[in-house]
Number of protein chains: 2
Amino acid sequence: MSEMYAIRRTRLREQFNAAGNAAALVSRPANVRYLAGPAPHGAVLLLGRTEDVLVCTEPPEDRPTEGRPDDTLRIQTLPGTFGDPAVAAADFAAAKGDDSLAVEEQHLTVTRHRAIRSVAPRLRVADLGGAVEQLRVVKDEEEISSLRIGAEIADQALGELLESILVGRTERHLALELERRLVDHGADGPAFATSVATGPNAGRRGHRPTDRRVEEGDFLSVCLGATYRGYRCEIGRTFVIGTSPADWQIELYDLVFAAQRAGRESLAPGAAYRDVDRAARQVLDSAGHGAGLPALTGHGVGLEIDEDPQLAPAAMGKLDACVPVTVEPGVHLPGRGGVRIDDTLVVRPEADGGPELLTITTKELLAL
Amino acid sequence: MSEMYAIRRTRLREQFNAAGNAAALVSRPANVRYLAGPAPHGAVLLLGRTEDVLVCTEPPEDRPTEGRPDDTLRIQTLPGTFGDPAVAAADFAAAKGDDSLAVEEQHLTVTRHRAIRSVAPRLRVADLGGAVEQLRVVKDEEEISSLRIGAEIADQALGELLESILVGRTERHLALELERRLVDHGADGPAFATSVATGPNAGRRGHRPTDRRVEEGDFLSVCLGATYRGYRCEIGRTFVIGTSPADWQIELYDLVFAAQRAGRESLAPGAAYRDVDRAARQVLDSAGHGAGLPALTGHGVGLEIDEDPQLAPAAMGKLDACVPVTVEPGVHLPGRGGVRIDDTLVVRPEADGGPELLTITTKELLAL
């Protein structure tokens, strides 16, 4: 495990050294996790010329499922009253004689950035940009294995919910029940706030559960995910409550299903992000649902639930093998509800069987 | 309700105008909520010379318990692909001829700050500092009423848990159960991640629940809170599992209880933050537990669970009436566990009966 973290840090170091920086300060929590392993809240990582230091304000805690920070790192725990570990790390870098430090300007606030510059006025402070985020895009098989287990857990939690009685229960209770089941099956916790949307709410992306109760004839859309060993996956499904769906429900469902399939089938190494988005989007567009569509139809997942790449009309770049993404088109008709279908898949070459579907719950339109 | 938001904005406007700024951009979510009411995720508020605009990337959603943004505001919903609403707001300010804009440097990242400056190069961009956070410190009676209801909900959830069988259940399950009960009793959700700590984990501040099961003879410490109408409170209690606590447990409990009482009793308008901290801290210090104590013994609560003031040794400032704070000393003995006792109280003058205790669950040492 330690070796893996050291290899990642070496790759990053090559990049910032090539850009003329002796040292780098990583402060975004998911980036610290990627390069150092599980670390206390607020910890930052200094990659220096001679050694790498994890700077914390509390000592690392042993957590059974997640483990500890990489033990080849020096761990520096500051006294609780010290303040900002990023400022302390800049001070270390300056004390070691580094003349330049790349920082994450996309994560540091203006106030923290100023404090770093003022504690080490001789240090040239540069921008690390999204260098770590870019390293995180392609996953290794161990990362994919964590995502796969998380997806199995989410499938199990969803499957159990479908076997229970739903009519009369509120969105909020169903969401809590799903989150309890995720933990029952071994998740560290939910990957994001579970969304349960009924009737006119169904099909809204990121809908926050309300006290509305499930009724006969409703669309019910659910979006949940598990965090497992820090990795976050996502699954979304839409169901109909009652014995038989109405015609408009079947029609809308078939349309979103076709869009989602088109998106999934366009996942391949070398496919442009925007082409995957277009594949899904044009199915909905040509049926007259173009106006209300969300800005993206999918995104990368990993240590964060929403990471690079974005599958969106203006996105630049192409998919690689071993990139896990969601494909999640949806249509919401104001006042009536709608449909969302969301899978997590890993991009794989044709020779390996094409995209690997991690979330395997059926996408037939179930009437519950 | 709208009037209240308008009054808050007027108070803020007087401040930034006095500092020479025509307009202000508020981006920190709790600050936007304070000045504009419940707003969509990522919304920012522009306080301009001629009008105030809430800039969103999605239309406001009606939420039954939380309501909608202040309807005297202009609401500007950007197309989903637009990007950063803070940049759009700066663009509006420049287009209206404002020559200076105060922004929240403690919240904006370096990258967003740069984008704001580059979209409106003629705008002088200044720092709003913690002006809104400072306005938020003293609460009105409606805010306190939301906190009071939240505290009642947390008391109910905790009380029900104490009536159930605890031995053999894991920290994670107990935490989930408490969160479900919070929602059952009408909370919007938990105010923060519920902490349940057993045996050697008990007494650790912010302990994240593990799969450890409750055992006979354990200390069990629990910290939870409800969010109600956006307002967040906190309660923490420690119990003993089994028929009779051991001597060391009684001794440690009595000590932490004495420290917590000393902290509570020192709450008064005009009391220095550091003196409240010292009142609690010196009880633990003089019993030889000074070394491992956390950096603070209490903090303000409101729209965020951890806001100004900090009750800590180096904190500057004095309490006012109508400031809700926690008093939460604790001692953790490595390998053995420990005790934390945490209340939310509102500072009130002696003439009004002194500090108002919001979290009324008993602080006797219960053996469960």
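Here, each number is a calculation from the coordinates, and none is a lab measurement. Treat the numbers as computed from the prediction; the structure is a model and nothing was measured. For neighbour counting, all protein chains shown are included, and Cβ atoms are generated from backbone atoms with ideal geometry for every residue, glycine included.
Odds and ends about this structure:
- Size of charge dipole - segment B:187-306 - debye, nearest 20, with Cβ of Lys, Arg +1 and Asp, Glu -1, no other charges: 300
- Distances between copies at residue B:250, taken between label points 7 Å from Cα along the C-beta direction, are 7.4 nm in increasing order.
- Footprinting exposure proxy for B:322, B:233, A:56 (fewest neighbouring C-beta atoms within 10 Å first): B:322, A:56, B:233
- Nearest-0.05 FRET efficiency for residue A:291 and residue A:265, computed from C-beta distance (R0 30 Å): 0.75
- Ascending distances from the residue A:270 label point to its copies in the other chains, with the point 7 Å along the Cα-to-beta-carbon line: 8.0 nm.
- Alpha-carbon centroid distance for the pair segment B:87-130 / segment A:289-368, whole angstrom: 35
- With the simple spin-label model, which puts each label point 7 Å out from Cα in the Cβ direction, the residue A:77 to residue B:134 separation comes to 3.6 nm.
- Segment A:246-368: C-alpha gyration tensor shape, a/c 1.5 cut-off, then a/b vs b/c: prolate
- Local net charge near residue B:250, Cβ-Cβ under 15 Å (Lys/Arg +1, Asp/Glu -1): -3
- Distances from residue B:211 to itself in the other copies, using label points 7 Å out along the Cα-Cβ axis, amount to 3.7 nm in increasing order.
- Gained length - residue B:160 relative to residue B:118, 0.36 nm times residue gap less alpha-carbon distance: 9.6 nm
- Of all lysines in the structure, those lying under 30 Å Cα to Cα from residue B:363, and not within fewer than 8 positions of it along the same chain, are B:139, B:318.
- Charge-dipole axis of the protein assembly as shown as Lys and Arg at +1 and Asp and Glu at -1 on Cβ define it, positive-most pick from B:192, B:23, B:219: B:23
- Local net charge near residue A:296, Cβ-Cβ under 10 Å (Lys/Arg +1, Asp/Glu -1): -1
- For segment A:138-357, a simple Cβ point-charge model (Lys and Arg +1, Asp and Glu -1, everything else neutral) yields a dipole of about 640 debye relative to the Cα centre.
- Here segment B:84-182 is treated as a sphere whose radius is the Kirkwood value from Cα pairs; by Stokes-Einstein at 20 °C and 1.002 mPa s it diffuses with a coefficient of 121 µm²/s.
- Spin-label model, residue A:272/residue B:360: points 7 Å from Cα along the beta carbon direction are separated by 6.6 nm.
- The coefficient of translational diffusion for the protein assembly as shown, derived via Stokes-Einstein from the alpha carbon Kirkwood radius under 20 °C and 1.002 mPa s, stands at 78 µm²/s.
- You can think of it this way: the chain between residue B:141 and residue B:41 has 33.3 nm of extra reach, that is 0.36 nm per residue less the Cα-Cα gap.
- Taking amide H atoms as placed 1.01 Å from N in the peptide plane, the amide H of residue A:126 lies under 5 Å from those of A:101, A:102, A:103, each 5 or more residues away in sequence or on another chain.
- Across the alpha-carbon atoms of chain A, the computed radius of gyration and Dmax are 22.7, 73 angstrom.
- Exposure proxy ranking, count of Cβ atoms within 10 Å, fewest first, for A:145, A:27: A:145, A:27
- Listed values for segment A:313-320 are Karplus-derived 3J(HN,Hα) couplings in whole Hz (6.51 cos²θ - 1.76 cosθ + 1.60, θ = phi - 60°), namely x, 9, 5, 10, x, 10, 5, 10, and x replaces Gly and Pro.
- Degrees between helix A:2-18 axis and first principal axis of chain A (Cα, 0 to 90, nearest 10): 70
- Zone of residue A:321's modelled label, taken as backbone nitrogen in segment A:261-281 under 13 Å from a point 7 Å along Cα→Cβ: A:268-270
- Taking amide H atoms as placed 1.01 Å from N in the peptide plane, the amide H of residue B:298 lies under 5 Å from those of B:311, B:328, each 5 or more residues away in sequence or on another chain.
- Förster-model FRET efficiency, 60 Å R0, residue A:49 and residue A:254, C-beta, rounded to 0.05: 0.50
- Prolate/oblate/rounded call for segment B:138-357, Cα gyration tensor, a/c under 1.5 rounded: oblate
- Residues residue A:184 and residue B:216, FRET efficiency given R0 of 22 Å [Cβ-Cβ distance, rounded to 0.05]: 0.35
- Exposure proxy ranking, count of Cβ atoms within 10 Å, fewest first, for A:316, A:4: A:316, A:4
- Considering helices alone, the calculated mean residue ellipticity of the protein assembly as shown at 222 nm is -10500 deg cm²/dmol, with DSSP H runs of length four and up weighted by -39500 (n - 2.57) and normalised per residue.
- Assigned charges on the beta-carbon of Lys, Arg, Asp, Glu; the protein assembly as shown dipole about Cα centre (debye): 1680
- Neighbourhood net charge (13 Å Cβ-Cβ; Lys/Arg +1, Asp/Glu -1) for residue A:226: -1
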